[in-house]
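Beneath this line is the structure, given in structure tokens, with notes to follow.
Throughout, read-outs are computed from the coordinates displayed, never taken from laboratory work. Note that the structure is a prediction, hence the values are computed from the model and not measured. We place every Cβ from the backbone using ideal geometry, glycine too, and count neighbours over all the protein chains shown.
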Amino acid sequence: MLPAPESTRLVTIIAHVDHGKTTLADNLIESNGIISERLAGTLRYLDSDAEEQRRGITMRASAIGLRHVYNPPKMSSGSSSPQDMVVHMIDSPGHVDFAAEVTSSLLLCDSAILVVDAVEGICARTHSLLREAYLHQLVPVLVVNKVDRLCMDLGLDPSEAYVRIRELIESMNAVCASMLNSDVNDDTMEAVDGDANANNDNDIDEKKASLWNFDPIKGNIVFASGLHGWGFTIPTLARSLFKSKTIPMKPPLLRQYLFGDFKYNAETGKVLKWKQSGNSSGEPMF
């Protein structure tokens, strides 16, 4: 029996072609036991058409319902019990020739997952998908996929891989800021009563800028490898490191340093500043 509408979510996965949408979807489907862990990432379960399997790309949007147990954050007042949710997930095409399918999925859904290849970075289709999600008032969750390729394919060391990911996130935020600024300029040109509503407009603009700012500390960025079936956010990584006693630091404090120019000294138990230079000793915490 399906849960109530307030316990139902509609989510679409959007990305440039070959950035790993369907592979990521395979791992989410595997979490419900629909396919085996061995096949997740290679089966391309939602590419049900024979032509899609032959060409290796998604040509039509495909949907599936997944059960999920949501554990709300613990609040000081009262206990928050787990909630049974149903997530209707739509895997949309990445090729520009099938853009109509993406538009339809964005119109249907109340949230979106934007997948970006850690190696290829922001592509032309990524720009248009961001703009389209903004027009439909959907703030996506960013998934930096194929993180493993930075080391396995490019041969980067941990410090170089961190810098590469940091630059990717900075580029994404620059694209979002440019998009918001162009929208604000258009509104300013059309405004007639600019002085009367100036304060309200500024508040709205600040809220938009905060929503469209991808920050690992806020937990709106997932670092993942769809092919190998793993992924994490900075808040979940902080909790994991604290529980395993790898770093004896409370998660709310630890998450502030996990993604940034910081390094951890295991001997002293202190967090130090990390500098990007050849003479810098140690690696960043991330």
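With a cut-off of at most 15 other beta carbons within 10 Å, and DSSP calling the residue loop, which trypsin sites (Lys or Arg not before Pro) in the stretch 52-108 qualify? Please list them. Can you show the working numbers first?
Values: sites: ARG54, ARG55, ARG60, ARG67, LYS74; in loops: ARG60, LYS74.
Passing both the DSSP loop test and the Cβ count: ARG60, LYS74.
Between ILE57 and residues 5 or more places away or on another chain, which pairs have amide H atoms under 5 Å apart, with H built 1.01 Å from N, and which residues are they?
Result for ILE57 returns nothing.
Using helices alone, I'd like the mean residue ellipticity at 222 nm for the chain: each DSSP H run of four-plus residues gives -39500 (n - 2.57), total over residue count, nearest 500. Don't skip to the end; give the middle numbers.
Working: 9 runs with 108 residues, N = 286.
Helix-only estimate at 222 nm: -11500 deg cm²/dmol.
Evaluate E = 1/(1 + (r/R0)^6) for GLN53 and LEU272, where r is the Cβ-Cβ distance and R0 equals 51 Å; express this FRET efficiency to the nearest 0.05.
Values: r = 51 Å, r/R0 = 0.99.
About 0.50, to the nearest 0.05.
Among TYR70, LEU24, ILE122, whose Cα sits farthest toward the positive end of the charge dipole of the stretch 1-122 (+1 at Cβ of Lys/Arg, -1 at Cβ of Asp/Glu, about the Cα centre)?
TYR70
For the chain, set up a Gaussian network in which alpha carbons nearer than 10 Å are linked by springs, and say which option among GLY155, GLY94, GLY121 fluctuates the most.
Result: GLY155 has the largest fluctuation of those listed.
Show me the trypsin sites (Lys or Arg not before Pro) within the stretch 220-286 that DSSP assigns to loop and that have at most 10 other Cβ atoms within 10 Å of their Cβ. Provide the component values of the computation, followed by the final result.
On the way: sites: ARG239, LYS243, LYS245, ARG255, LYS263, LYS270, LYS273, LYS275; in loops: LYS245, LYS275.
In loop regions of the stretch 220-286 (DSSP not H, G, I, E or B), the sparsely surrounded trypsin sites (Lys or Arg not before Pro) are LYS245.
Once the convex hull of the alpha carbons of the stretch 208-256 is built, what does its volume come to per residue, in cubic angstrom? Walk me through the numbers on the way to the answer.
Values: hull volume 3.5 nm³, N = 49.
Convex hull volume per residue, Cα atoms: 72 Å³.
Write down, largest first, the equivalent ellipsoid semi-axes of the chain in whole Å, where each equals the square root of 5 times an eigenvalue of the alpha-carbon gyration tensor.
Working: eigenvalues 178, 151, 99 Å².
Here the semi-axes work out to 30, 27, 22 Å.
Taking the Cα centre of the stretch 1-122 as origin and charging only Cβ (+1 Lys, Arg; -1 Asp, Glu), how large is the dipole, in debye to the nearest 20? Mind dumping the intermediate values first?
Working: 9 positive and 16 negative charges, 67 e Å.
Value, rounded to 20: 320 debye.
How much length would be gained if the chain were fully extended between THR42 and VAL163, taking 0.36 nm per residue of separation minus their Cα-Cα distance, in nm to one decimal? Numbers along the way, then the final one.
On the way: separation 121, 0.36 × 121 = 43.56 nm, distance 2.93 nm.
Full extension of this stretch gives 40.6 nm more.
Where the only charges are on Cβ atoms (+1 Lys, Arg; -1 Asp, Glu), what is the dipole of the stretch 215-286 about its Cα centre, to the nearest 20 debye? Intermediate results must be reported in sequence, preceding the final value.
Details: 10 positive and 4 negative charges, 54 e Å.
I would put it at about 260 debye.
Might you report the magnitude of the Cβ-based charge dipole of the chain about its Cα centre, with Lys and Arg at +1 and Asp and Glu at -1, to the nearest 20 debye? Write out the running numbers ahead of the final one.
Values: 27 positive and 37 negative charges, 318 e Å.
In debye, rounded to 20, the chain gives about 1520.
Give me the one-decimal nm value for the distance between modelled label points at ILE64 and LEU211, 7 Å along each residue's Cα-to-Cβ direction.
Each label point lies 7 Å from its Cα, and together they span 3.0 nm.
Got a sec to turn the phi values of the stretch 58-65 into Karplus ³J(HN,Hα) couplings, 6.51 cos²θ - 1.76 cosθ + 1.60 with θ = phi - 60°, whole Hz, x for Gly and Pro?
In residue order, the calculated couplings are 8, 10, 9, 5, 10, 10, 8, x Hz.
Give a residue-ordered list of calculated ³J(HN,Hα) values for the stretch 248-256 (Karplus: 6.51 cos²θ - 1.76 cosθ + 1.60, θ = phi - 60°; whole Hz; x for Gly, Pro).
Taking θ as phi minus 60°, the curve returns x, 9, 4, x, x, 7, 4, 5, 6 Hz for the stretch 248-256.
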